[in-house]
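The values are calculated or read from the model by the stated rules, or taken from the named source; none is laboratory data. It should be emphasised that the depicted structure is a prediction, and the values quoted were computed from it without experimental measurement. Quick reminder, even Gly has a Cβ in these numbers, built from the backbone with ideal geometry, and neighbours come from all protein chains shown. Just so you know, the surface numbers come from the protein's heavy atoms only, side chains and all, with ligands and any DNA or RNA stripped out. Shrake-Rupley method; radii C 1.70, N 1.55, O 1.52, S 1.80 Å.
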There are 2 protein chains.
Amino acid sequence: MDIRVVFLGTSGSVPTLKRSLPSVVVKCQSNQYMFDCGENTQHQMMKAKVSFHNKMKIFITHLHGDHVLGLPGLLQTMALMDRKEPIQIYGPKGLSKFLLCTKKALNFGLTYQVEINEVLSDGIVYDEEEYQVVATPSNHAVKSYAFAFIEKPRPGKFYPDKAMALGIPVGNLWSKLQRGEEISTPDGKTVKPSDVMGKLRAGRKIVYTGDTKPFDSFAEFAKDADIIIHDCTFDNSLIEKANIDGHSTPCQAAEQAKAANAKQLVISHISARYSDATLLLEEAKKVFPNSILAEDFMEIKLPLIK
Amino acid sequence: MDIRVVFLGTSGSVPTLKRSLPSVVVKCQSNQYMFDCGENTQHQMMKAKVSFHNKMKIFITHLHGDHVLGLPGLLQTMALMDRKEPIQIYGPKGLSKFLLCTKKALNFGLTYQVEINEVLSDGIVYDEEEYQVVATPSNHAVKSYAFAFIEKPRPGKFYPDKAMALGIPVGNLWSKLQRGEEISTPDGKTVKPSDVMGKLRAGRKIVYTGDTKPFDSFAEFAKDADIIIHDCTFDNSLIEKANIDGHSTPCQAAEQAKAANAKQLVISHISARYSDATLLLEEAKKVFPNSILAEDFMEIKLPLIK
């Protein structure tokens, strides 16, 4: 199945007429994984037809208003829409306090369970059968994380001809091999999955940096990513400002993508000063040609790796 | 000068593709008076070209998310735009706590002063030379206020012919009369302002109910208003639901406008269930013909009363 990456908001700290505040959703069939939730995300979800009822996890990179102020309203709207499915939210220490004080001050009830998980160190923050989300501390003005959404490697291709040739009857033994188990054939031979199957097939990988300056461990963290969605707040000439504010320039974002051997770079978190951000894209492309500029409602489709 | 009423958000509790969450701005030259500040108000301000730097007071009817969740982001954006002008915010008890806990959790600094005034009883909450804002408790699920924006009566028209006929020389004595002071003419006669001026000229009055069921004292509070912007969440057939949730139907809003002898009724806070809200308008017009339906970015001009 395709994985779809939907850009709901691509602005820097201040929204513009064209760009809403940061939020990206990774859609895997009916599962939704949201990264950041700036103000107005609920409205962007409506426009982009992202469901309010599906299974959903939300990952917050850091506790700056532009990345998290859409969360209370989204949770409230979901309740008003009578959502029943629980929701899981992951983010830095302090997220729980923010949500609880808001909920208390505004006196809103929920129709579903909200599980808040504060991320206290790097590593796997979310894990399920097919996918996991891994966090690493990034380099911003406050405690901040970058996230990698990783599809686990899938078993290699199964070759029925090889199984037949080894005298394995169609049925239960085939399933066992496909699940990665060793079996014994009716005539007593031991067969390993690798005897009848191809190599493990790599999963897809999407990295979302949130706000950050470049940092050393990024290349390893984002290694071989299909897509890196990277902070690119200011153009190359404003590198000093970027450094002071904890942001990146196109050149820096592109160097990070190159070092990580990424397939594609998407520059985002575009400062409101660029009514036309072509300059940023041109600067990024000089270093990393497969760069694109994020736009609100842009959608990237990642097909299954065969 | 004209007073302009700009509708930034006209939805009920949940935004729709056409309607953002509640907010209305009354513009008097470069002064702005905002009523409610739902999520996404800052973006709507950009679209409607409402300034982020002008003198501004914000009045919050009640502490439900859909009426107040745009405030933290708006304040933060104003700081990022380097606003210098102080801002005054008025709203129910708890507003201060909400803003402080949000500001603390999200660690944002401000470049200007924010004065929070909790409204603890009815009466005048804001008073200046030309205008005042008066609050009255409304009838919703939580502590809630309706606000009246009132232009103070202006002195009547000055008739130079009358002043000349009474032998008053052009100059200081004319100014005194225009300011409402009694004077003595050079030949010793006493002249009152009413001898040379017309009657006081009524000011303009705009009433904003916020969320409310009808309440008895409203007619007096909103008496002779030029515009009443009234909660009209549900159509007439849902009167029971409106009653339980603390909202009004078109018929109720129209009855309130009629009882108050208002010039115009604007029905707003339209539930997301009405993709076309013509029904609500038709129901209101049956009772109060000069009713209109609020739409995002609608602007009503109130010329100076001559």
What residue among B:L75, B:L280, B:L120 shows peak mean-square fluctuation when chain B is described by a Gaussian network model with Cα springs under 10 Å?
B:L120
Shielding by partners - mean other protein chain Cβ count within 10 Å, residues of B:96-103:
3
Below 8 Å between Cα atoms, with a sequence gap of 6+, how large is the relative contact order for segment B:223-306 in percent?
33
Read phi for every residue in segment B:4-18 and hand back ³J(HN,Hα) as whole Hz from Karplus 6.51 cos²θ - 1.76 cosθ + 1.60, θ = phi - 60°, with x for Gly and Pro.
10, 10, 10, 8, 8, x, 10, 7, x, 4, 10, x, 10, 5, 9
Of B:A165, B:P137, B:F147, whose Cα points farthest to the positive end of the dipole of segment B:115-173 (charges on the beta-carbon: +1 Lys, Arg; -1 Asp, Glu; origin at the Cα centre)?
B:A165
Computed ³J(HN,Hα) along segment B:86-95: with the Karplus parameters 6.51/-1.76/1.60, θ = phi - 60°, integer Hz and x for glycine or proline, the list is x, 10, 10, 10, 10, x, x, 3, x, 4
For the protein assembly as shown, cysteines with no other Cys Cβ under 4.7 Å from their own Cβ are listed as A:C28, A:C37, A:C232, A:C251, B:C28, B:C37, B:C232, B:C251
Can you tell which of B:A165, B:A135, B:A48 shows the greatest fluctuation in a Gaussian network model of chain B with Cα springs below 10 Å?
B:A165
Furthest towards positive pole of dipole, B:Q76, B:P92, B:Q44, structure part the protein assembly as shown, Cβ charges:
B:Q44
Taking amide hydrogens as modeled 1.01 Å from N in the peptide plane, which residues meet the under 5 Å criterion relative to B:I270, leaving out close sequence neighbours?
B:S11, B:G12
Once you put a point 7 Å from the Cα of A:K286 and another 7 Å from the Cα of A:K189, both along the Cβ direction, what distance in nm separates them?
6.1
For peptide B:65-73, compute the average count of partner chain beta-carbon atoms within 10 Å of each residue's beta-carbon.
6
Each residue of segment A:229-246 in order: what ³J(HN,Hα) in whole Hz does its phi give by Karplus 6.51 cos²θ - 1.76 cosθ + 1.60, θ = phi - 60°, with x for Gly and Pro?
9, 10, 3, 8, 6, 10, 6, 4, 5, 9, 4, 5, 4, 4, 5, 5, 7, x
Under 5 Å from the placed amide H of A:E39, counting only residues 5+ away or on other chains, we find A:V68, A:L69, A:G70
Please report Rg (one decimal) and Dmax (integer) in Å for the Cα set of the protein assembly as shown.
30.9, 135
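Within 10 Å of each Cβ in peptide B:34-46, how many partner chain Cβ atoms are there on average? Round it to a whole number, please.
If you average over the peptide's residues, the count of other-chain Cβ atoms is 4.
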Between B and A, accessible area buried - total, square angstrom, nearest 100, 1.4 angstrom probe:
2700
If the elastic network links every pair of Cα atoms under 10 Å, which of B:V14, B:V266, B:V170 fluctuates the most in the Gaussian network model of chain B?
B:V170
Charge dipole of chain A about the Cα centre (unit charges at C-beta), most positive-ward option of A:S13, A:M56, A:C251:
A:M56
Is any residue of segment A:122-147 close enough, with backbone N under 16 Å, to a label point placed 7 angstrom from the Cα of A:K55 along the Cα-Cβ axis, and if so, which?
A:126-133
Using a cut-off of 25 Å between alpha-carbon atoms, which lysines can reach A:K286, once sequence neighbours fewer than 8 places away in the same chain are excluded?
A:K205, A:K213, A:K223, A:K241, A:K258, A:K263, A:K301
Size of electric dipole in the protein assembly as shown: Cβ of Lys, Arg +1 and of Asp, Glu -1, about Cα centre, debye, nearest 20:
380
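Taking the solvent-accessible surface of protein heavy atoms with a 1.4 Å probe, what is the per residue accessible area of the protein assembly as shown in Å²?
Normalised by residue count, the accessible surface of the protein assembly as shown is 43 Å².
How big is the dipole moment of chain A about its Cα centre under a simple scheme where the beta carbon of each Lys and Arg is +1, that of each Asp and Glu is -1, and everything else is neutral? Debye, nearest 20, please.
So the magnitude is around 620 debye.
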Amide H within-cut-off set for B:M56, under 5 Å, with H built and near neighbours excluded:
B:Q32, B:Q88
Chain B, relative contact order [Cα under 8 Å, separation at least 6], %:
18
